Amino acid sequence: MDLHSVMGRFGGELDQLAIRLQARNIDLYGTYDRATAEADLRVNVGLSSSILVSAVAANSSPSVFLLIPCAWLLIMRGQQKAREANDVLIQAVVSGELESTILSSSLPQIVASSLDAEEGQSNGTPTETTVAESGVGDPA
């Protein structure tokens with residue numbers, strides 16, 4: 001099991017985390033919900049306006065195509081706002097407000113396997129000596 005697949009499964013769990021957050025902390029959920037609503041609005045208005053600008057430009061003046069970057073900007077800002085909404089959920093998990101079933105079941109296995117891999121790599125290298133073992137700093 002690798003970290004990439006676990007994080008992918010965690011991304012699929014975000015919708016469930018939002019529902020759990022609504023039950024646990026309504027104020028934090030309000031922050032998440034507002035950010036999600038803003039993201040959806042910006043993306044939908046951006047997509048719709050880019051189609052409208054394209055149709056108007058095809059029928060009238062090609063110079064209207066210059067408005068398409070404004071629509072794309074709306075879409076990009078909407079995607080940024082969606083990431084901010086997901087950040088609220090992730091911070092709720094990190095702070096302990098919510099518990100992710102995927103992270104709590106998979107991360108200990110990943111950490112254990114990475115520690116085993118590091119231990120296997122360090123067996124072939126010399127170990128570091130501590131200050132007490134080296135005699136440096138002994139008052140005698």
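The values are calculated or read from the model by the stated rules, or taken from the named source; none is laboratory data. The shown structure was predicted, so the numbers you read here are calculated from the model rather than taken from an experiment. Glycine also receives a Cβ, built like all others from the backbone with ideal geometry; neighbour counts cover every protein chain displayed. Side chains included, ligands, DNA and RNA excluded: accessible areas come from the protein's heavy atoms. Shrake-Rupley method; radii C 1.70, N 1.55, O 1.52, S 1.80 Å.
Scanning the stretch 56-72 turns up one or more residues that are buried (at least 18 other Cβ atoms within 10 Å of the Cβ) and not acidic (Asp, Glu).
Let me confirm something: among ALA85, ALA71, which residue is within 20 Å of LEU14 (Cβ to Cβ), in contact (Cβ under 8 Å) with a residue 12 or more places away in the chain and among the aliphatic types (A, V, I, L, M)? Answer to the selection: ALA85.
Listed here are the residues, each with its yes/no results for (1) among the charged types (D, E, K, R); (2) modelled with pLDDT under 90; (3) open to solvent by less than 80 Å² (accessible area, probe 1.4 Å).
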site: ARG9; (1), (2), (3): yes, yes, no
site: GLY12; (1), (2), (3): no, yes, yes
site: LEU17; (1), (2), (3): no, yes, yes
site: ALA37; (1), (2), (3): no, no, yes
site: VAL45; (1), (2), (3): no, no, yes
site: LEU74; (1), (2), (3): no, no, yes
site: GLY78; (1), (2), (3): no, no, yes
site: LYS81; (1), (2), (3): yes, no, yes
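Scanning the stretch 27-63 for residues that are within 23 Å of GLN16 (Cα to Cα) and among the aliphatic types (A, V, I, L, M) returns LEU28, ALA35, ALA37, ALA39, LEU41, VAL43.
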